Amino acid sequence: MSAGTGLPFVTGDEVRRRIGPDDARRLVERALADGFDPADDPARSSVAAGAGHLLLMPSVLGDWAGVKIASVAPDNPARGLPRIQATYLLLDAATLTPRLQIDGSALTELRTPATSAVAVDHLAAADARRLVVVGTGPQAVEHAVAMAAVRDLDDVALVGRDPGRLAAAVEALVARGLPARAGGTADVADADLVVCATSAGAPLFDGALVRDGACVVAIGSHEPDRRELDAGLMGRALVVVEDRATAMRECGDVVLAVHEGALRVDDLVPLADVVRGHARATDRPNVFKGSGMSWQDLAVAVGVAETDEA
């Protein structure tokens with residue numbers, strides 16, 4: 001479909017038709033397995049604009065380049081509009097000629113749980129069965145689906161403060177074939193997998209509840225003064241991040257734990273190392289703290305383009 005400029009435009013529905021959650025996981029993992037180093041990705045930049053700000057996220061992967069422009073308008077929900085909206089421009093790297101416009105929000109919905117699933121597939125026990133998801137929004141739901149694609153889950157407990165949103169999220173997951181139920185933070189003690197997908201600024205639960213060998217994913221915060229996980233958990237865990245510098249710039253879970261002396265920057269393990277063979281921990285928890293990076297959007301956007309060409 002054309003966006004009105006002659007440049008093909010791929011809608012969100014079309015993105016989801018071409019690329020399923022597990023397709024997105026394989027695309028993200030392929031970029032790392034092929035040798036891409038997330039440390040080479042340009043830093044996300046933020047520019048004040050109107051009633052909010054714009055996030056600019058460029059990247060280059062092999063024969064492709066791209067940039068996502070995301071708008072963040074905090075007052076939009078009160079107007080019945082999304083807080084975050086985005087569009088993506090895909091170009092060929094050789095000439096920087098634009099090739100596709102893509103719904104950027106759909107890319108974000110796919111690439112964030114896909115990146116978490118890459119980490120979980122390497123960091124969770126092969127027989128992991130019990131998942132706890134803290135959060136009830138779209139990312140919480142999509143993360144549960146992504147986790148179910150890499151592990152055979154028989155219990156999915158959702159934790160949320162709003163009973164209506166919690167019930168809706170459980171219903172959405174049941175409709176997609178997952179054994180979902182309403183749960184509480186006490187379920188963390190028995191969980192093999194824990195996903196934190198909230199806007200919280202303070203730890204969601206006592207990190208001492210997490211068992212050795214369990215895997216925890218935190219994706220809710222990309223601000224240096226906000227966190228979902230406490231320093232106690234970060235200090236005793238194997239902590240995996242997309243990129244050390246990005247984590248120290250944007251991930252409060254990491255930044256605050258380092259500043260409090262519970263964690264050292266040198267202890268952080270890049271996700272690429274995990275994909276290329278770094279072993280999971282069995283004598284302590286495994287934590288993946290994701291911030292979301294530009295290369296992940298591009299990896300999925302390339303998959304959208306390749307599917308169109310197939």
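Within the range 146-200, the set of residues being open to solvent by 60 Å² or more (accessible area, probe 1.4 Å), closer than 15 Å to residue 214 by Cα and among the β-branched types (Val, Ile, Thr) is empty. Of the numbered criteria (1) surrounded by fewer than 24 Cβ atoms within 10 Å (Cβ to Cβ); (2) out of contact with any Leu (no Cβ under 6 Å at 6 or more places or on another chain); (3) modelled with pLDDT of 95 or more; (4) over 13 Å from residue 144 (Cβ atoms), the one residue 214 fails is (1).
If you check residue 115 against the conditions, is it under 30 Å from residue 62 (Cβ atoms) and not in a loop (DSSP other than H, G, I, E, B)? So residue 115 passes the test. For the range 82-111, the set of residues classified as of a type in the set (Val, Ile, Thr) and modelled with pLDDT of 95 or more consists of 87, 95, 97, 102, listed by residue number. For the range 97-135, taking the residues that are under 19 Å from the mean Cα position of the chain (by Cα) and open to solvent by 50 Å² or more (accessible area, probe 1.4 Å), the one that is nearest to residue 13 (Cα to Cα) is identified as 109. Taken over the range 260-272, the criterion of being in a loop (DSSP other than H, G, I, E, B) and open to solvent by less than 70 Å² (accessible area, probe 1.4 Å) is satisfied by 261, 262, 263, 268. Taken together, the residues in the range 18-51 that are assigned to a helix (DSSP H, G or I) and surrounded by fewer than 12 Cβ atoms within 10 Å (Cβ to Cβ) amount to 1. Taking the criterion of being within 24 Å of residue 249 (Cα to Cα) and open to solvent by 70 Å² or more (accessible area, probe 1.4 Å), the residues of the range 52-93 that qualify are 60, 69, 74, 83, 84, 85.
Residues of the range 77-96 include at least one that is β-branched (Val, Ile, Thr) and outside any strand (DSSP E or B). Beta carbons closer than 7 Å, at least 6 apart along the sequence or on distinct chains, pair a first residue in the range 83-112 that is over 15 Å from residue 59 (Cβ atoms) and in contact (Cβ under 8 Å) with a residue 40 or more places away in the chain with a second that is small (Gly, Ala, Ser) and surrounded by fewer than 16 Cβ atoms within 10 Å (Cβ to Cβ) for 101/3; 103/12; 105/12; 106/12. Assess whether residue 275 counts as being within 17 Å of residue 24 (Cβ to Cβ) and open to solvent by 10 Å² or more (accessible area, probe 1.4 Å). So residue 275 passes the test.
The values are calculated or read from the model by the stated rules, or taken from the named source; none is laboratory data. The shown structure was predicted, so the numbers you read here are calculated from the model rather than taken from an experiment. FYI the Cβ positions are ideal-geometry reconstructions off the backbone, even for glycines, and counts take in every protein chain you see. Keep in mind that these areas ignore ligands, DNA and RNA; they rest on the heavy atoms of the full protein, side chains included. Shrake-Rupley method; radii C 1.70, N 1.55, O 1.52, S 1.80 Å.
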